[in-house]
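The values are calculated or read from the model by the stated rules, or taken from the named source; none is laboratory data. All of these numbers come straight from a predicted model, not from anything done at the bench. Cβ atoms come from the backbone with ideal geometry, glycine included; neighbour counts cover every protein chain shown. Note: accessible area is taken over every heavy atom of the protein model, side chains too, but ligands, DNA and RNA are not part of it. Shrake-Rupley method; radii C 1.70, N 1.55, O 1.52, S 1.80 Å.
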Amino acid sequence: MIICSCNVISDTAIRDVVTAADITFGSPAQVYDCLGCSVQCGLCSRSVKRILEERMGETAVWPVQTEPAPCQLMSVA
Ligand code: FES
């Protein structure tokens, strides 16, 4: 299912990058960075955040980051 219509990004692509990335995401914007795009209208941010919270667990606490962590993807099998 397409989550971000501006960038044409599916929920599967987001889950794959969240699983493969070797960082703790501090914001949905970092997911877009890892996917090589950026937030446009922002309507999908809540959905991206929900996917991140699924991965981090329901007790997810968003870390405060002063600088975005670089995205380092591990190989996706
Ligand atoms: S729907 Fe994702 S930035 Fe617009």
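List the residues of region 1-35 whose backbone N lies under 15 Å from a point placed 7 Å from the Cα of CYS41 along the Cα-to-Cβ direction.
2-9
Roughly how many Å² of LEU35 are accessible to a 1.4 Å probe, to the nearest 10?
60 Å²
Evaluate the relative contact order of region 2-56 (contact order divided by residue number), counting alpha-carbon pairs under 8 angstrom at least 6 apart; express in whole percent.
Values: 45 pairs, mean separation 21.9, N = 55.
Result for region 2-56 is 40 percent.
Please list the non-local residues whose amide H lies under 5 Å from the amide H of ILE3, H modeled 1.01 Å from N, same-chain partners needing a gap of 5 or more.
Amide H neighbours of ILE3, under 5 Å, 5+ apart: ILE9, SER10, ASP11.
List the residues, sorted by chain then number, that are 5 or more residues from ALA21 or on another chain and whose placed amide H is less than 5 Å from its amide H.
For ALA21, whose amide H was placed from the backbone, the distant partners under 5 Å are MET74.
What are the ³J(HN,Hα) values, in whole Hz, obtained from phi via the Karplus relation 6.51 cos²θ - 1.76 cosθ + 1.60 with θ = phi - 60°, for each residue of region 33-48 in sequence order, with x given for Gly and Pro?
4, 5, 8, x, 9, 9, 5, 9, 8, x, 5, 8, 4, 5, 5, 5
Can you send over the solvent-accessible area of CYS41, 1.4 Å probe, protein chains only, in Å² to the nearest 10?
Counting only protein heavy atoms, CYS41 exposes about 80 Å² to solvent.
Using a 1.4 Å probe, how large is the accessible area of ARG55, given in Å² and rounded to the nearest 10?
120 Å²
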